[in-house]
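This report concerns only the one structure given below.
The values are calculated or read from the model by the stated rules, or taken from the named source; none is laboratory data. Only a predicted model underlies this, so the values are computations on that prediction, with no experimental measurement involved. Positions of Cβ are backbone-derived with ideal geometry, glycine not excepted, and every protein chain shown enters the neighbour counts. Surface accessibility is based on the protein's heavy atoms, side chains included, excluding ligands, DNA and RNA. Shrake-Rupley method; radii C 1.70, N 1.55, O 1.52, S 1.80 Å.
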Amino acid sequence: MEFLSSYPQWLVYTAIGVVIIWFIQLLLWLIVWARPVYRGYRERKGTAVFAVSQPPVSVVLYAHNQADALLRNLPEFFNQQYPNFEVIVVDDASTDETPEVLKMMEQRYDHLIHTHQDEEMRTISRRKLALTLGVKAAHGDIILMTQAQCAPSSDKWISSMVRNFTEGIDFVLGPVAYENRSGFMSRFYSYDLLQRLITLFGLTLAVRPYAGWGTNLAFRKEMFFANHNEGFASHLNIYPGEDDLFVANVCSRHNVMAECSSSAMMIDQQSPLSYGWRRDRRNRAFTSQRYHKWPMFVRSLDVLTRYLMVFGAVAVIVLSLIFTDWNAPFSLDNFILPTVLLLMLVLRAIWVIAVILQNARTFHLHRFWLSPLVLEFITPLIDLHYLMQVRRQRKTFYVGYIKLPSKSKFFRFNRADFDRPRSSAF
């Protein structure tokens, strides 16, 4: 280690710290963020454990003024290759042609149920109340939750999600992607969602679950009511959180599985995409304050070490060249330290690109090559921006402070209101 003797001691210690942080980054990427790739590989090779039974499934679909989306997407749900399922569309006081579309669809598909929520309820989250009514109306043992602007990417969506309900598994997280569109910002939104998908699935499989997407979430119906807070009741006075806070409150380390196949992908077709992306970012920034601390610690550790490793390595390389005595005879020892650090940066860039590419390949999404090396430093700044924004605007996320008993009157309804002749398949 004689080549280090020509450098100040503090610079040597800094270089050692950068090496330690480099190893932390390596472990995070190979153990946590690559977990969806490992899981997807086992699913494709048939070594993953899947359930054989195909229990009845109820797809609960939220809709609000989305008649065009229902016309476009509802047939995709009824084309599913699954024996026992129904589709329950909860119409949240739509003022467009949504009721007419649902009545027309009801004549075409005998396992379609639709409900209507009036505009009267203003003291609690309307979306959560609507979804609760949909879950209570469900006849199936498994609930698949999604939204009207979404469409499954294949006819095996239901079967791909349900096969994960082995013994002890009560929740299944499904992958979500934006509809493929051209343009720089659309590509950025798609990458941002892919990065968040990798983070969510990686932490779910390696650490513990902390959130989910309401556009592709499956759970046992009994778990919705087994929770002492009765589904969403603990956060009904908050607009968002029907997916992530529900998962954060009810799930444990051992009762959740992430489905990592492209056949389970749900395509989000919301338009304009920029509005939907910003709304989702704001909602997640607000609800993230209620997530479990341990997965949030791992996520923060990754962001912190990401900046320290890259900028620390660049700083040490520059300073090592500054402190080199260029008047002395030429020696290769003067270049060992900057060369090692430069090689570490190159190796990190290779594994970042490789993990992102393999994740995109697992989910059959757009491949990002060099852009992640830049965007991975931009997305944490976006997180910080929205965290600061929701702290200033936190009151806008509440619909009213109410105290609900464990058996809330808002959840009472007459089951006969939803029962009607069923198809023989269900």
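Before moving on, here are some points about what is shown:
- What a 1.4 Å probe finds exposed on segment 219-306 is 55% carbon and sulfur by accessible area, rounded to a whole percent.
- Angle in degrees between helix 98-108 and the longest Cα principal axis of the chain, rounded to the nearest 10: 70 degrees
- Label-to-label distance for Arg108 and Leu342 is 6.3 nm, based on points extended 7 Å past Cα in the beta-carbon direction.
- Per-residue [θ]222 nm for the chain (sum of -39500 (n - 2.57) over DSSP H runs n ≥ 4, rounded to 500): -15500 deg cm²/dmol
- With each label modelled as a point 7 angstrom along the Cα→C-beta vector, the Met296-Leu332 pair spans 5.1 nm.
- 24 Å Cα cut-off, lysine pairs counted over segment 27-168 (separation 8 or more, or different chains): 4
- Beta bridges from DSSP with both residues in the chain: antiparallel share about 30 percent, rounded to the nearest 5.
- Simple Cβ-charge dipole of the chain, Lys/Arg +1 and Asp/Glu -1, about Cα centre, in debye nearest 20: 720 debye
- 0 to 90° range, to nearest 10: angle between helix 126-137 axis and the chain longest Cα axis: 60 degrees
- Accessible area in square angstrom per residue, the chain, 1.4 angstrom probe: 46 Å²
- Answer label for Kirkwood radius over Cα pairs in Å (calculated), chosen among (i) 21.3; (ii) 23.5; (iii) 24.3: (ii)
- Note on segment 1-61: with neighbouring protein chains present and a 1.4 Å probe, carbon and sulfur make up 68 percent of its accessible heavy-atom surface.
- In the chain, the sites counted are trypsin sites (Lys or Arg not before Pro) in DSSP loop states with at most 14 other Cβ atoms within 10 Å, and the longest stretch holding none of them, exclusive of the sites, is 1-121.
- Measuring nothing but how far apart in sequence close Cα pairs (under 8 Å, 6+ apart) lie, relative to its length, segment 186-302 scores a relative contact order of 37 percent.
- Point-to-point label distance, Val52-Val19, nm (Cα→Cβ direction, 7 Å offset): 5.4 nm
- Dipole magnitude of segment 261-304 about its Cα centre (Cβ charges: Lys, Arg +1; Asp, Glu -1), debye to nearest 20: 260 debye
- Pairwise FRET efficiency - Ser5 versus Tyr307, Cβ, R0 = 22 Å, nearest 0.05: 0.15
- Along the chain, the exposed loop sites are GluC sites (Glu not before Pro) outside DSSP states H, G, I, E and B with at most 12 other Cβ atoms within 10 Å, and the longest stretch free of them is 168-426.
- Gain on full stretching of the segment that runs from Ser182 to Arg367 - 0.36 nm per residue minus C-alpha separation: 65.2 nm
- Carbon plus sulfur fraction of accessible area for segment 84-161, probe 1.4 Å, in percent: 47 percent
- Options Ser262, Val352, Leu370, ranked by Cα towards positive dipole end of segment 260-375, top entry (Cβ charges): Ser262
- Between 0 and 90 degrees, the angle of helix 35-45 with respect to the longest Cα principal axis of the chain falls at about 60 degrees.
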